[in-house]
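Here's the structure we're looking at; comments come further down.
The values are calculated or read from the model by the stated rules, or taken from the named source; none is laboratory data. In this text, all values refer to a predicted model and were calculated from it rather than measured experimentally. Neighbour counts run over all protein chains shown; Cβ positions are idealised from the backbone, glycine included. Surface areas here come from the heavy atoms of the whole protein model, side chains and all, with no ligands, DNA or RNA. Shrake-Rupley method; radii C 1.70, N 1.55, O 1.52, S 1.80 Å.
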Amino acid sequence: MMANRYLYLMLLPTVLYFLIFEYKPMYGAIIAFKDFNPFAGVAGSPWVGFKNFEKFFESYYFFRLLKNTFLMSFYSLLFIFPASLVFALLLNELRIKKLKSFLQTVSYLPHFVSLIVICGMIIDFTKPGGIINSLLLGIGIISEPIQFLILPEWFRTIYVGSGMWQSLGWNSIIYLAALSGINPSLYEAAVVDGAGRWKQLTHITLPGILPTVLILLILNVGTLLNVGWDKIILLYNPGTYVTADVISTFVYRRGVMEADYSFSAAVGLFNSVINFTLLVLANRISRKTTESSLW
C-alpha cells in the first residue's frame with residue numbers, strides 16, 4: 001500500500017467528491033417519507049410513510065407523465081443511439097483525412113454550444129417565419145406556416161431531432177475509439193480472402209465493437225426515464241404539456257415552484273428506483289445472452 005501511496009493520494013479528491021456531493025445528499029431522500037418542514041429540518045419533520053407516493057400514483061397526471069417520459073426516452077434511444085453508431089462507422093470508412101477531420105469537428109460543435117443558445121436556435125428555426133417553415137413552403141410540402149412549438153404533436157419530434165443534432169458527433173467518439181482498437185491485420189486477412197467492405201463490416205467491424213455497443217446500450221436503458229428536463233422547460237408551454245410534460249419537469253414545478261419538497265422527492269425517488277431496476281434487468285439480459293455486462 002505504501003508503494004502506491006501517491007496513486008491513492010491522486011485518487012483522494014475523486015473519493016471526497018463522491019462522498020460529499022453524491023453519497024451524503026442521499027440522506028435527504030428520506031424527506032420523501034416525511035411531511036418536510038424547512039424550519040424543522042429533515043430530522044424534525046414528521047413521518048408520513050408512503051403517503052407522498054400514494055398521492056403521486058393516484059394523481060390525474062401519473063399515467064400522462066409516465067407515458068411522456070417513457071416515449072421521449074424511448075424515441076431518443078431508438079433514433080439517436082443507432083444514428084451515432086452509423087455515423088461513426090461512416091466516418092471510419094472515410095479515407096480522406098481532411099474531410100474526416102472536418103466532419104468530426106462540425107458534428108462535435110453542437111455539443112459545446114450552450115443549451116440556452118440551442119433552444120433559442122430551435123425556437124427561431126421552428127417559428128412561422130423560420131428556416132424550417134420557409135424550406136417546407138418552398139418545396140411545397142406545406143401550404144401555410146406551422147407553429148411547431150405550439151402544437152403538442154410536434155414536440156417529441158423536435159426534442160428528439162434536435163437531440164440527435166446535438167449529440168450525434170459527440171456520442172460517436174466512443175465508437176471511433178473502439179474502432180481504432182480493432183487489429184488491422186484482421187482486415188488485411190479478410191482482403192486476402194476476397195472479403196469486400198460489407199463483409200469486413202459485418203464480420204470484423206461490428207463484432208469488434210459489439211461489447212462497447214452493448215455496454216452503452218445498458219447504460220442508456222438504465223437512464224430510460226431520465227429526460228433532459230432543462231431543455232424541455234426551455235421549449236415547452238402549458239399548451240404542450242399533454243406530450244411534453246415529463247416526470248423531471250413535474251418534479252421541478254412541484255418542488256421548486258410550489259415548494260412541495262416531500263412530494264417532489266417521492267416522485268424523484270420513484271423515478272430513480274425504476275431506472276435502477278431497468279439497469280439491473282438490462283445488465284442481466286445482456287449477461288445471459290452475450291458475454292458483455294457491467295458486472
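Only residues that are open to solvent by less than 50 Å² (accessible area, probe 1.4 Å) and not in a loop (DSSP other than H, G, I, E, B): list them for segment 221-240, please. Of everything in segment 221-240, those that are open to solvent by less than 50 Å² (accessible area, probe 1.4 Å) and not in a loop (DSSP other than H, G, I, E, B) turn out to be V221, G222, K231, I232, I233, L235, G239, T240. Reported count of residues in segment 34-88, each being at pLDDT 90 or above, of a type in the set (S, T, Y) and touching a Lys or Arg at 6+ places or on another chain (Cβ under 7 Å), is 1. Identify, by number, the condition in (1) modelled with pLDDT of 90 or more; (2) among the aliphatic types (A, V, I, L, M); (3) open to solvent by less than 50 Å² (accessible area, probe 1.4 Å); (4) more than 23 Å from L294 (Cβ to Cβ) that I209 doesn't meet. With respect to (1) modelled with pLDDT of 90 or more; (2) among the aliphatic types (A, V, I, L, M); (3) open to solvent by less than 50 Å² (accessible area, probe 1.4 Å); (4) more than 23 Å from L294 (Cβ to Cβ), I209 is out only on (4).
This table checks each residue for (1) more than 23 Å from T223 (Cα to Cα); (2) more than 26 Å from the chain's Cα centre (by Cα); (3) of a type in the set (F, W, Y).
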| site | (1), (2), (3) |
| --- | --- |
| K55 | yes, yes, no |
| S59 | yes, yes, no |
| F63 | no, no, yes |
| I80 | no, no, no |
| R95 | yes, yes, no |
| F112 | no, no, yes |
| G129 | yes, yes, no |
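Going residue by residue through segment 29-45, is there one that turns out to be of a type in the set (G, A, S), closer than 13 Å to Y261 by Cβ, in contact (Cβ under 8 Å) with a residue 12 or more places away in the chain and in a helix (DSSP H, G or I)? There is at least one residue in segment 29-45 that is of a type in the set (G, A, S), closer than 13 Å to Y261 by Cβ, in contact (Cβ under 8 Å) with a residue 12 or more places away in the chain and in a helix (DSSP H, G or I). Looking across segment 107-116 at every residue that is among the hydrophobic types (A, V, I, L, M, F, W, C), within 20 Å of N171 (Cβ to Cβ) and not in a loop (DSSP other than H, G, I, E, B), the one that is most open to solvent (accessible area, probe 1.4 Å) is identified as F112.
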